[in-house]
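A short write-up of the structure that comes next.
The values are calculated or read from the model by the stated rules, or taken from the named source; none is laboratory data. Quick caveat, the model's predicted, so the values are computed rather than measured. Cβ atoms come from the backbone with ideal geometry, glycine included; neighbour counts cover every protein chain shown.
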Amino acid sequence: MDMSTGIAADYSRRVGVLHREIIAPDIAPNWALNREELWNMVESFERRSDARLAREVTLSLPAELPASEYVELVNGFVREQFVSRGMIADISIHAPKAEGDKRNFFAQILLTTRPIGPATFAHKKNPAWDKVQLLKTWRRRWAEHINQALEKNGIDQRVDHRAKSAQNSSFSLEIARLFSQMRDVVEKDDYLDVQDKIDILEQIKILTKFSANAEDESIKREARLAIKVLKGTMMDVPRTQQLRTSLMDSILKVNRLLNI
C-alpha cells in the first residue's frame, strides 16, 4: 500500500537494498524472524487463490536526513504503528535507482495480514487494519516521525501529510491572519504619523498581492523590496515596544512563509 495513495500493490524484489530487517511483536515465535519461514507460514494460512499474502507500505524517506538515520526512523514508526497492533513487519530500505532522482530513498514494508500469537497466526483477520481512518493515522504519524527526526538533526524543514488543498487553505489563512494583525497594529498605534501609516499599509498591500501571485517574478521583486522597506521603517519611526515586537515578528513570519 502506497502511503500517499492508499493503493495496495504486489511486492517485487528491487535492487539497491541498504538494509533488511524483520520486526515482530514480543510474543511472536522464533520462526517469525526468519524471512523464508515467515512467508511460508503466511502462504499456508492464505489458501484462497485471490488471498492477499501481505499488506505493502511504501515510505518516502527525507533526503535532508543522513542515510544513517533511516533505520532508526523507519523502525520507530513501524514498531509504534504496525508491530504494536500485532503485525509482523518485513522491512527493506532502498537507495535511489541509478537512473532516477538521487534523493529518492524509500522503505518498503511487508506486513502480515493476521495478528500473530505465541505459536501461530490468528484464524481471523483484524478488520480494523483495513479502515480508512487507520490509513490517515499512519500518514499523520509518519509525517510527525519525520519532523521529529529533522528537528533532532537541526534541520529547519518540515513535512505535511495533508492533501495540497488542505495545506494551501491553512497557508492562506495564516498569511491573511498575519496581514490583518499587522494592519490592526499600525492603524491603532499613536506614535506613527499619518504618512508613516500610509507607507507601511502600502507595503502590506504589496505583500498581500504577492501571497496570491507567488509565481509572478515581478511581484516577487516588489515583495522583497516591501520587506526591506518595512524593516527600515521599523528602525526609523518612533514606536512603542509593542509596535516593534508585534510588527517585526509578523514581518519575519511573512518573509518565511512566502519564502521571499
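The condition (being of a type in the set (A, V, I, L, M), at pLDDT below 60 and either touching a helix residue (DSSP H, G or I) at 6+ places or on another chain (Cβ under 8 Å) or not in a helix (DSSP H, G or I) (or both)) is satisfied by just one residue among Ala214, Ala226, Ala166: Ala214.
Can you confirm whether Ala67 is closer than 15 Å to Arg20 by Cα and touching a strand residue (DSSP E or B) at 6+ places or on another chain (Cβ under 9 Å)? So Ala67 fits the description; yes.
Of the residues making up the range 22-37, those that are surrounded by 10 or more Cβ atoms within 10 Å (Cβ to Cβ) and either within 19 Å of Asn75 (Cα to Cα) or among the acidic types (Asp, Glu) (or both) are Ile22, Ile23, Ala24, Pro25, Ile27, Ala28, Ala32, Leu33, Asn34, Arg35, Glu37.
Every residue in the range 116-128 that is surrounded by 18 or more Cβ atoms within 10 Å (Cβ to Cβ) and not β-branched (Val, Ile, Thr), please. Result: Phe121, single match.
None of Leu65, Leu111, Leu73 is over 27 Å from Pro25 (Cβ atoms) and crowded, with 16+ Cβ neighbours inside 10 Å except Leu65.
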